[in-house]
Amino acid sequence: MNDKIKKWQLTVGLEVHIQLSTQTKMFCPCPSKYGATPNTLICPICLGLPGALPSINEEAINMALRLGHALNFKINEKTEFSRKNYYYPDLPKGYQISQFDKPICVDGNIEFEKNDKKNMIGITRAHLEEDSGKLIHHSNNYSFVDLNRAGSPLIEIVSEPEIHSSEDARLYLEKLKQIIEYINISDCDMEKGNLRVDINVSVNKQGDNSLGTRREIKNLNSFKAVQKAINFEFSEQVKIIENGDKIIQSTLTWDEKNNKTKILRKKEDAHDYRYFPEPDLPPLLVSNNQIESAKAELPELPNEKIIRFRKEYSLKNQDIDILISNINLANYFEKLVSKTNLPQISANWILVEILHYLNSNNIEINHFPIETDRMAELIKLFDNKELTNLNAKKLFNLMINSKEKPLNLIEKHNLKTIKDDNLLEKAVQDIFKKNPSEFDRLKDGDNKLIGFFMGQAMRALKGKANPKSIQEIINKLIG
């Protein structure tokens, strides 16, 4: 199969559903939030009861406009909502209010770097719609319905079929998620369902310009699952065709346990949903002033931040990529540097010690217990050689569990670097006396033993000596 698959080209299109962080739902005043008691955030409008009339959430419109600018879309000043008709137990109205042929944003693109080269993927459209409820399946062969999420505002972002590897799909999604978090329209928390991905996969022979029949995989819950599902489906579709069968347009689900796709149903086309203009909502008219106002509210975007960080801080490219991957991490770094004036050392502490702590405890930088004032003090003490590398890390761990100032903790735990050369020299001489045979070999030119004696001296001095000072004393004493 590996040889056969080389004759085929993979093509992927991504549909990403983002739940917007508005205060209320898309067409009613019910709160839009996660974790409330089931079926408590509902009203006649989001339940579709007779006589209840929807109204458009202006906050969601403004978020869509910000997204439009951030992803280089053409923004339509006149758009409208439609009814997408289908039945499912978590859809109380029997239809979903969405945008069909007149979306708010069209013809955008997203740019990401791969192997130091820039790649651009086109985005067909971004449209507003309402979410469905949630089915909670019980092991005893029955399900519960929670309608709290029904009517929550979504924006669906549909890429062009221009992605040709699972890695490019991941890079596209990572950049998209990053931009959405930067413009603060969603937290993109996949565990809460605030970012959901559908994948359209097709294959065609290398050199063939016409796309193959696509199969859609619904509701992927991680970028890792997206990559695995794309790779499996690529291989599966090639196998089907090579065996002489045809690809049938279908809707699939990803079986995480067995790492394979499973067919749910034959895929519907747009006409199956019987779209028609939403009769209870007038056309949505967006003024040019509103569009320009949304543009003025945009923060510095990731690609702009990369350019500025390179210019202002002269950091390594790979360090910048990690620092700007999350806007809160980038903000923490900039606050820290404003207090230390030491960009690379500050970056090193964040990338090694702080990120290790965050990842080990599965928390975000906003919940990191050392605020920038105290962290800056630690970094400056370390840079001024008041602390050795070992004791700086000890101090870091002490500060995590204490609100005391670094200087107080240094005094309390006796961590300050020893700078008395006479004391250091005496410690080194004591080590020489305790290890006479190794000392003789060192004097005879076995320079590998310098590391041995440095380690012994550092241990005797409890890590409070500068290793460079110890090495200089050893070299002086052996002539």
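Name the shape class, rounded, prolate or oblate, that the alpha-carbon gyration tensor gives for the chain, where a ≥ b ≥ c are the square roots of its eigenvalues, rounded holds for a/c under 1.5, and otherwise prolate holds if a/b is larger than b/c and oblate otherwise. Prolate shape, in that a/c is at least 1.5 and a/b is the bigger ratio. Angle of helix 166-182 to the longest C-alpha principal axis of the chain, folded into 0 to 90 degrees and rounded to 10: 90°.
Taking trypsin sites (Lys or Arg not before Pro) across the stretch 285-329, the ones in a DSSP loop with at most 14 further Cβ atoms lying within 10 angstrom of their Cβ are 316. Under the simplified labelling scheme, the residue 23-residue 206 pair shows an inter-label distance of 5.8 nm, with each label point 7 Å from Cα along Cα→Cβ. A simple charge model with +1 on the Cβ of Lys and Arg, -1 on the Cβ of Asp and Glu and nothing else charged puts the dipole of the stretch 191-305 at about 600 debye relative to its Cα centre. Using Cβ point charges alone (K and R +1, D and E -1), the dipole size of the stretch 1-159 about the Cα centre works out to roughly 340 debye.
At an R0 of 22 angstrom, the distance between the Cβ atoms of residue 310 and residue 184 translates into a FRET efficiency of 0.35. Pairs spanning more than 22 Å between alpha-carbon atoms, out of 118/316; 4/175; 218/305; 177/262: 4/175; 218/305; 177/262.
For the stretch 287-354, state which GluC sites (Glu not before Pro) are in a DSSP loop and have at most 14 other beta carbons lying within 10 Å of their beta carbon. Sparse-neighbourhood loop GluC sites (Glu not before Pro): 297, 300.
For the chain, the mean residue ellipticity at 222 nm estimated from helices alone is -12000 deg cm²/dmol, where every DSSP H run of n ≥ 4 contributes -39500 (n - 2.57) and the total is divided by all residues, rounded to the nearest 500.
The calculated FRET efficiency for residue 263 paired with residue 285, based on their beta-carbon distance and R0 = 41 Å, is about 0.45. The residues of the chain expose, per residue, 52 Å² of accessible area to a 1.4 Å probe.
Computed over protein heavy atoms with a 1.4 Å probe, the carbon and sulfur contribution to the accessible area of the chain reaches 47%.
The angle between the Cα long axis of helix 467-477 and the longest principal axis of the Cα atoms of the chain comes to about 30 degrees, rounded to the nearest 10. With an a/c value of 1.5 or above and a/b not larger than b/c for the gyration tensor axes a ≥ b ≥ c computed over the alpha-carbon atoms, the stretch 99-177 is described as oblate.
Distance between Cα centroids, the stretch 186-200 to the stretch 28-96: provide it in whole Å. Going from one Cα centre to the other spans 17 Å. Restricting the chymotrypsin sites (Phe, Trp or Tyr not before Pro) of the stretch 55-88 to loop positions (DSSP other than H, G, I, E, B) with no more than 16 neighbouring Cβ atoms within 10 Å leaves 86, 87. Of 17, 137, the residue with the largest accessible area leads and the full order is 137, 17 (1.4 Å probe).
What shape does the stretch 1-146 have by the C-alpha gyration tensor, where a ≥ b ≥ c are the square roots of the eigenvalues, rounded means a/c under 1.5, and otherwise prolate means a/b greater than b/c and oblate the rest? It is oblate, given that a/c is not under 1.5 and a/b is not larger than b/c.
Per-residue 3J(HN,Hα) values for the stretch 103-112, derived from phi via the Karplus relation 6.51 cos²θ - 1.76 cosθ + 1.60 with θ = phi - 60°, read x, 6, 10, 9, 6, x, 7, 9, 10, 9 Hz in sequence order (x marks Gly and Pro). In the stretch 84-196, a dipole from Cβ-located charges (positive for Lys and Arg, negative for Asp and Glu) runs towards its positive end, and of 151, 87, 123 it is 87 whose Cα lies farthest in that direction. Relative to the dominant Cα principal axis of the chain, helix 372-383 is inclined by about 40°.
Each of residue 242 and residue 429 was given a label point 7 Å from its Cα along the Cα-to-Cβ line. The distance between the two points is 7.7 nm. Quick one: net charge around residue 206, please, counting Lys, Arg +1 and Asp, Glu -1 for every other residue with C-beta under 12 Å from its C-beta. My count for the surroundings of residue 206 gives +3. About its Cα centre, the chain has a charge dipole of approximately 1360 debye under the convention of +1 per Lys or Arg Cβ and -1 per Asp or Glu Cβ, with nothing else charged. Shown in residue order for the stretch 192-200 are the 3J(HN,Hα) couplings computed by the Karplus curve 6.51 cos²θ - 1.76 cosθ + 1.60 at θ = phi - 60°: 8, x, 7, 9, 10, 10, 10, 10, 9 Hz (x for Gly and Pro).
Computed from backbone phi, the HN-Hα couplings of the stretch 246-259 come to 9, 6, 9, 4, 9, 9, 10, 10, 9, 8, 5, 5, 9, 6 Hz, rounded to whole numbers (Karplus: 6.51 cos²θ - 1.76 cosθ + 1.60, θ = phi - 60°; Gly and Pro given as x). Full extension of the chain segment joining residue 331 with residue 476 gains 47.6 nm, where the gain is 0.36 nm per residue of separation less the Cα-Cα distance. Summary value for the chain: 14 percent relative contact order, contacts being C-alpha pairs under 8 angstrom separated by 6+ residues.
The values are calculated or read from the model by the stated rules, or taken from the named source; none is laboratory data. Values in this document were obtained by computation on a predicted structure and should not be read as measured data. Methodologically, a virtual Cβ is constructed for each residue, glycine included, from the backbone with ideal geometry; neighbour enumeration extends over all protein chains shown. With ligands, DNA and RNA removed, areas are computed over all heavy atoms of the protein, side chains included. Shrake-Rupley method; radii C 1.70, N 1.55, O 1.52, S 1.80 Å.
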